[in-house]
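For reference, the structure discussed in these notes is given below.
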Amino acid sequence: MLATRLSAIRRLFLVCVCGIAPIVAWADDIAQFKVAKGSVHIERSGQRLPALVGTHLQATDTVVTGADGAAGIAFIDNSLLSVGPNSVLAIERYAFNSTTHEGNFESSLRKGTLSVVSGKIAKQSPDAMRVKTPSSILGVRGTEFAVRVGD
């Protein structure tokens with residue numbers, strides 16, 4: 001009888017763990033590519049991954065576009081980023097609480113162009129969104145802006 005109960009508990013545990021695993025993996029996703037044209041890829045943990053429409057972006061990913069590349073990315077706080085050709089955009093830090101809308105969004109545009117419509121993070125706390133370039137740090141106080149970094 002005890003062996004039967006332990007077996008049932010083990011099966012229930014496995015079902016629960018298997019059911020939670022996809023949610024845990026999804027929890028790392030902070031954004032999704034809505035547009036990906038030409039040469040666009042993600043650099044993640046030393047790997048180069050293709051960026052296609054529907055591909056999820058994670059904190060600390062770097063988006064790289066080629067001469068013919070462009071990407072449109074929607075973040076979970078409703079921030080929208082457009083990355084132009086020949087660009088390198090590193091997501092350095094991203095945290096968002098969907099209940100309070102508090103969070104931090106720090107990125108670095110190493111080269112190329114970036115256009116942004118800020119989302120809930122910047123609306124909740126104007127100092128919480130920053131874009132670094134090789135020569136400056138932009139604190140986002142408005143809702144829309146564009147940045148260009150030359151070669």
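Applying the selection to the range 77-127, what residues are under 17 Å from ALA51 (Cβ atoms), open to solvent by 60 Å² or more (accessible area, probe 1.4 Å) and assigned to a loop (DSSP other than H, G, I, E, B)?
Matches in the range 77-127: PRO85, ASN86.
So, in the range 49-64, exactly how many residues are touching a residue at least 12 places away in the same chain (Cβ under 8 Å) and either of a type in the set (Lys, Arg) or open to solvent by 10 Å² or more (accessible area, probe 1.4 Å) (or both)?
10
Here are the criteria: (1) more than 12 Å from the chain's Cα centre (by Cα); (2) polar (S, T, N, Q); (3) under 14 Å from PHE33 (Cα atoms). Tell me which single one ASN86 does not satisfy.
The number of the failed condition is (3).
Tell me, yes or no, whether the range 61-74 has at least one residue that is more than 12 Å from the chain's Cα centre (by Cα) and more than 24 Å from GLY150 (Cβ to Cβ).
Looking through the range 61-74, none of the residues is more than 12 Å from the chain's Cα centre (by Cα) and more than 24 Å from GLY150 (Cβ to Cβ).
The values are calculated or read from the model by the stated rules, or taken from the named source; none is laboratory data. Every value quoted in this text rests on a predicted model; they were computed, and no experiment measured them. A quick note on method: Cβ atoms are made from the backbone with ideal geometry, for glycine too, and the neighbour counts reach across all protein chains shown. Just the protein is used for accessible areas: all its heavy atoms, side chains included, with ligands, DNA and RNA removed. Shrake-Rupley method; radii C 1.70, N 1.55, O 1.52, S 1.80 Å.
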